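Here is the structure we will look at, set down as structure tokens.
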């Protein structure tokens, strides 16, 4: 019984990682209607910046995360303002090409700046160690990630449901032309949303590095997971991404417990099953 | 002069939908574009609003050229727009659909949420309802109220009477009269000559993207031949 409960906790922390990497992707799709395949690369940049600020420069943990978010937010702003903006009105294949181009550019940039070897920053002292849960040691850092994931979920809900910026973004997402006609500066909303989504990717990366290594190429691995979560939840649906993360995280944890050889495989099985039953995802927009 | 449109040409792809339209709206006037379905009324209004940028011609609002400007800039200059298909934001409430306009245009003035509720008494009872659940008529009223929330000096209404019950048309006529009394200039497009005659001073008849007639609506009403030729179904 303890094993089952403990594995649930493991699943929950996995779910919160998945949630942090997919939330920004689905928000960007919901508003701008583009799939940003470089989202995983923004995650990677967040990881490397956090490594530099915390692991190399020795800045305080929170400050390092904040600076990583701002750095990646700025990168996202440049990507949207000077590149993506030019291709909204043309064929979707160009979105794929352009964002894939960014994956290659950022992978190489990382190799040039940080080198090709793995980087693992230390876990901050106050988050190091383990608590006992159901008779087993549970890493404090994982509990921290669960808390951050849930906090992000609550904050995003409040932002989109209760703030005027959120309502303006929702109005733009549902009808960008009409939003424009009532006075919404739609290009600026797009920039803001893309920047915001990039910062969420960076948060996932910055939080993830102490337990998952930063390496060139993790962007490509991350985008596959994030994309699957988003598709299962319904592209562009934030609640869907949250539920889908929980489902995939927890089912994968139990699946791994009973069928360890299929560990990397469960996310695909879940996607196939969900899409066979509901091709539009759990929560269609 | 509130609005001057000069030699407007607008196309969708290869087909010229508007082929050189010129029209004027004087401050304080109510002007109505008339014509059958597909004549080019909606496209003319969309071109003025910047939603379908014209290929050629000029749009001048209060002496200032606005041709090719972004719709949000035109809205912030004081042009309100209610489209024929209403386009209420489905997951915002009635009140949020109104309030959002005040927030994004930053144009404070005599039109407030409460004032819009007075104008359309069926709206306050629905203030917490999401846009997606409203009836067509309710959406129509809300679309007009939403356009007013930017405190426009020029209000553009596309097919305001379309699909409304006779009772709602009556409410609409009263509302347009009150809006006018508040000093707002109106440019409408409607197929319903009877309705247009009750609210508008002057009209333009559009057919195949050009203006075929312009004049006072009372004169037009009396000219059976023109009505039969351009407006009768």
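Of note:
- Taken as a whole, the structure leaves residue A:24 outside the set of residues that are buried (at least 20 other Cβ atoms within 10 Å of the Cβ) and more than 29 Å from residue A:189 (Cβ to Cβ).
- Checked against (1) over 17 Å from residue B:23 (Cβ atoms); (2) outside any strand (DSSP E or B); (3) touching a residue at least 24 places away in the same chain (Cβ under 8 Å), residue B:52 passes all but a single condition, namely (1).
- Residue within the stretch A:226-237 that is surrounded by fewer than 18 Cβ atoms within 10 Å (Cβ to Cβ) and in contact with a helix residue (DSSP H, G or I) (Cβ under 8 Å, 6 or more places away or on another chain) present: no
- A count restricted to the stretch B:16-43 and to residues that are in contact (Cβ under 8 Å) with a residue 60 or more places away in the chain and assigned to a loop (DSSP other than H, G, I, E, B) stands at 9.
- Number of positions in the stretch B:63-73 that are in contact (Cβ under 8 Å) with a residue 24 or more places away in the chain and part of a loop (DSSP other than H, G, I, E, B): 1
- Scanning the stretch B:51-73 for residues that are buried (at least 23 other Cβ atoms within 10 Å of the Cβ) and within 8 Å of chain A (Cβ to nearest Cβ) yields a single hit, B:71.
- A single entry from A:175, A:128 fulfils the requirement of being more than 22 Å from the chain's Cα centre (by Cα) and at pLDDT 90 or above: A:175.
- Helices (runs of 4 or more DSSP H) contained in the stretch A:68-179 and holding at least 1 residues surrounded by 12 or more Cβ atoms within 10 Å (Cβ to Cβ), more than 14 Å from chain B (Cβ to nearest Cβ) and in contact with a helix residue (DSSP H, G or I) (Cβ under 7 Å, 6 or more places away or on another chain): A:93-114, A:140-162
- Of the residues making up the stretch A:105-123, at least one is touching a residue at least 40 places away in the same chain (Cβ under 8 Å) and within 15 Å of residue A:36 (Cβ to Cβ).
- Residues located in the stretch B:74-87, provided they are in a strand (DSSP E or B) and at the interface with chain A (Cβ under 7 Å from one of its Cβ atoms): B:81
- Residues in the stretch B:186-217 that are part of a strand (DSSP E or B) and crowded, with 23+ Cβ neighbours inside 10 Å: 8 in all.
- Among the residues examined, residue B:142 qualifies as more than 10 Å from every other protein chain (Cβ to nearest Cβ), touching a residue at least 40 places away in the same chain (Cβ under 8 Å), more than 19 Å from residue B:30 (Cβ to Cβ) and assigned to a helix (DSSP H, G or I).
- In the stretch A:180-201, the residues that are assigned to a helix (DSSP H, G or I) and facing chain B (nearest Cβ under 7 Å): A:180, A:181, A:182, A:186
- Any hit, the stretch B:93-115, residues being within 22 Å of residue B:15 (Cα to Cα), modelled with pLDDT under 95 and either assigned to a loop (DSSP other than H, G, I, E, B) or within 14 Å of chain A (Cβ to nearest Cβ) (or both): no
- The sole residue among B:108, B:99, B:114 that is buried (at least 16 other Cβ atoms within 10 Å of the Cβ) and touching a helix residue (DSSP H, G or I) at 6+ places or on another chain (Cβ under 9 Å) is B:99.
- Residue B:90 being surrounded by fewer than 18 Cβ atoms within 10 Å (Cβ to Cβ), at pLDDT 95 or above, in contact with a helix residue (DSSP H, G or I) (Cβ under 7 Å, 6 or more places away or on another chain) and within 12 Å of another protein chain (Cβ to nearest Cβ): yes
The values are calculated or read from the model by the stated rules, or taken from the named source; none is laboratory data. Fair warning: this is a prediction, and the values are worked out from it, not measured in the lab. Neighbour counts are summed over all protein chains in view; Cβ atoms, including those assigned to glycine, are modelled from backbone coordinates with ideal geometry.
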